[in-house]
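Here is the structure we will look at, set down as structure tokens.
The values are calculated or read from the model by the stated rules, or taken from the named source; none is laboratory data. Remember, predicted model here, so these are calculated numbers, not experimental data. Reconstructed Cβ throughout: ideal geometry from the backbone, glycine too, with neighbour counts over all protein chains shown. Calculation scope for accessible area: heavy atoms of the full protein, side chains included, ligands and nucleic acids excluded. Shrake-Rupley method; radii C 1.70, N 1.55, O 1.52, S 1.80 Å.
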Amino acid sequence: MAILETIVIAFWAMLPAYVPNNAAVLAGGGQPIDGGRTWGDSRLLGDGKTWRGTAAGIVAGLALAGILNLVAADVSNAIGIDVPEFAPLAALGLAAGAMLGDILASFLKRRTGRQRGAMFPGVDQLDFVVVSLPLTALLAPDWFFKVFTWGVIAVVVILTPVLHVTTNVIAYKLGLKNEPW
Ligand code: CTP
Ligand code: MG
């Protein structure tokens, strides 16, 4: 597979996992998932993980997968690279896995003494990949192993931190996020 093709497929296939975090930032607020509970000296997850943000993130990821499915054939024709359509369970694994990974990261942040909004290099950038890919492999194995070749996975691991840093700096500059990470 040519490198450009691999990059395009990796980006396309990950879009339903990329968008939930941004949607959660836009829609977040209200009841925290942990209901204010603590574990030891710190919150279980913190006020940064809310039901509304999580639900909005998953819905946004699913909706985007649906939209991408509508245009996949036309896009493939136009650019000469076969971009994949999302199986319903694949879309769910990517979107829900992204939110779960983010929640798991907050859990780890609180256990390691990091306050809400604190930076956790590496974890912040790849938390959602680490959960969304295995969850998708579990929910839609045939789809996953067809689309996520080793080359695609390698591109995802390299590309995701770059995109994550870029979008978060933009969201910060636009005043949508409190910290640029
Ligand atoms: N958000 C949300 N629900 C989620 C994820 C994010 O409501 N599941 C919203 C919150 O308003 C959160 C903002 O998006 O403050 C930014 O997300 P993130 O950076 O992931 O959270 P932090 O506030 O930095 O908290 P943490 O340190 O726990 O990551
Ligand atoms: Mg944060």
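Each Lys or Arg adds one and each Asp or Glu takes one away; over the other residues whose Cβ falls under 15 Å from the Cβ of ASP74, this sums to -2.
Rounded to the nearest 10 degrees, the inclination of helix 123-139 to the longest alpha-carbon principal axis of the chain is 60 degrees. Scoring 149-159, 89-99, 34-44 by mean Cβ neighbours within 10 Å over their residues and listing the highest first yields 89-99, 149-159, 34-44. Every pair of different Cα atoms in region 3-173 enters the Kirkwood calculation, which places the hydrodynamic radius at 16.5 Å. Per atom type, the chain shows carbon and sulfur on 68% of its accessible surface, probed at 1.4 Å. Note the angle between two axes, namely the Cα long axis of helix 150-173 and the longest principal axis of the Cα atoms of the chain, as a number of degrees from 0 to 90, rounded to the nearest 10. So the helix axis and the longest Cα principal axis differ by about 50 degrees. Ordering of 48-59, 7-18, 117-128 by packing is 7-18, 48-59, 117-128, highest average first (other Cβ atoms within 10 Å, averaged per residue).
Think of each Lys and Arg Cβ as +1 and each Asp and Glu Cβ as -1; about the Cα centre, that makes the dipole of region 3-173 roughly 760 debye. Given R₀ = 35 Å, FRET efficiency for THR112-ALA73 by Cβ-Cβ distance, to 0.05? It comes to 0.15. Taking Cα atoms, how many degrees apart are the long axis of helix 3-27 and the longest axis of the chain, rounded to 10 and kept between 0 and 90? The answer is roughly 30 degrees.
Annotation: peptides 70-80, 135-145, ranked by per-residue average of other Cβ atoms within 10 Å with the highest first, follow the order 135-145, 70-80.
Between GLU179 and ASP142, what FRET efficiency follows from the Cβ-Cβ distance if R0 is 25 Å, with the result rounded to 0.05? Spell out each step's value before the answer.
Numbers: r = 39 Å, r/R0 = 1.57.
Efficiency, from the Cβ-Cβ distance: 0.05.
Net length available on complete extension from ILE170 to ARG52 is 40.2 nm, with 0.36 nm assigned per residue and the Cα-Cα distance removed. Entry comment: accessible area of the chain is 52 Å² per residue, from protein heavy atoms only and a probe of 1.4 Å.
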